[in-house]
1. Can you find, within the stretch 248-294, the residue that is surrounded by the fewest Cβ atoms within 10 Å (Cβ to Cβ) among those that are among the hydroxyl-bearing types (S, T, Y) and within 19 Å of T47 (Cβ to Cβ)?
2. Only residues that are assigned to a loop (DSSP other than H, G, I, E, B), surrounded by 12 or more Cβ atoms within 10 Å (Cβ to Cβ) and at negative phi: list them for the stretch 27-49, please.
3. So which residues in the stretch 80-108 are outside any loop (DSSP other than H, G, I, E, B), touching a residue at least 24 places away in the same chain (Cβ under 8 Å) and hydrophobic (A, V, I, L, M, F, W, C), if there are any at all?
4. From the list E77, E15, E37, which one is within 17 Å of the chain's Cα centre (by Cα) and free of Cβ contacts under 8 Å to residues at least 60 places away in the same chain?
5. Which one of these does P331 not meet: (1) surrounded by fewer than 21 Cβ atoms within 10 Å (Cβ to Cβ); (2) modelled with pLDDT of 95 or more?
Amino acid sequence: MNVAKDREEELTYLEMLLCQPINRWEGFDLNQPEESEQNLRVQVLFTGIAIAALGLQADATPEQQQRARAGIVAALERLVQRRIWAYWATPIDQKGLVPDPIGGGFAAYSGALATLLGLASLLGEERYHNPPLEFRWSSTWRFSYTYAQLVAMLAAQMRADHGGAIATLNDTTTPSAMALVLWGVHLADHIYGSEHKSAGQRWLQVLREQLVLRGPRLPNRGVFASGYHLKRRKATLTSKPLEDVMTLILMAPYASELTRELAVRHWPAVRQPERINSPLLLAFSSLLAVELGETERAATLSLTASTSIEGSTSPNWIEALLILGRAGGMPRLLEPRPAKERNDGNVLERPSSGL
């Protein structure tokens, strides 16, 4: 196997997805509803994570790192587009409220941004400290946040809720949205030595006590309750396989023991991969198996997923999940790195800074 050649091909593949003209979306599925677990936001997020993973490989060349950095910037430019967060902002605006996707509490979106911003920083991209990212809703409403401000906002929102949760829509959140928030905050702490991840401890307790499903495993009783209402402090009674596996994947870097314990309830959902008609579920499950070191299971699931998407005439974002798996998955992104010193008024600081 020629690792260098394979990586070049994988980088090119992901560049075709992320770096095409900003108004083109070849390879992405625009027909997925926002409320599904495979909406456009999720597609951009994991494609961005995949290209970052290639640039963060220990033997990546400077040129490969630069290409990955450009790819993650392209992913962020797609993520801030109005179409990505309009699903959340439209009803907010119609109620006469402020459609700020960060300050207003849109956990799935804020967590995705925090993750990609953290990976951009790991790759040496500092542009999001100053000037900040700008979110344009209308001529009336524009919002801007630096990376530091975004992470601090997420931590403050978790601390403000009794259960440590941040809503995604209609006072509800999902396990995957909160897993993404905690991963994004954990990533910032890992890079800069800040201490925001403590804000997520209450949510992890709520997750264990109220959202982890117990008893016999049934088709709609997998790993996690698929939703949690912040005001009622109650979880739904059913689960979704995609929601389960996405949550476990995102938890693996910061809650590895809990992830391994709970993954046992997910594996029956993909026990017979050849009979599963969702290549996305297979690809996500393969990625989870990689993260847990289950190489035989990962290989079987990856092969079946790859076979399911063969024959496509253009790039398919699901391939990004398989590329991420071959790169080692999410935990491999957290290579030991020293905390960065503050060098201007917008860069994240060490713990003494109070970030």
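The values are calculated or read from the model by the stated rules, or taken from the named source; none is laboratory data. Remember, it's a predicted structure, so these values are computed and weren't measured experimentally. For neighbour counting, all protein chains shown are included, and Cβ atoms are generated from backbone atoms with ideal geometry for every residue, glycine included.
1. We begin by selecting, within the stretch 248-294, every residue among the hydroxyl-bearing types (S, T, Y); these are 254, 256, 259, 278, 285-286.
Cutting the leftovers down to within 19 Å of T47 (Cβ to Cβ) gives us 278, 285-286.
Details: S278: 17, S285: 33, S286: 30.
Selected residue: S278.
2. From the stretch 27-49, those assigned to a loop (DSSP other than H, G, I, E, B) are 27-39; that's our starting set.
Next, only the ones that are surrounded by 12 or more Cβ atoms within 10 Å (Cβ to Cβ) stay: 27-29, 32, 34, 36-39.
Scanning the stretch 27-49 gives F28, D29, Q32, E34, S36, E37, Q38, N39.
3. Of the residues in the stretch 80-108, the ones outside any loop (DSSP other than H, G, I, E, B) are 82-94, 107-108.
The next check asks that each one be touching a residue at least 24 places away in the same chain (Cβ under 8 Å); those that pass are 82-85, 87-89, 93, 107-108.
Selection gives I84, W85, W88, A89, A107, A108.
4. On the way: E15 fails: within 17 Å of the chain's Cα centre (by Cα); E37 fails: free of Cβ contacts under 8 Å to residues at least 60 places away in the same chain.
On inspection, the qualifying residue turns out to be E77.
5. Failing condition for P331: (2).
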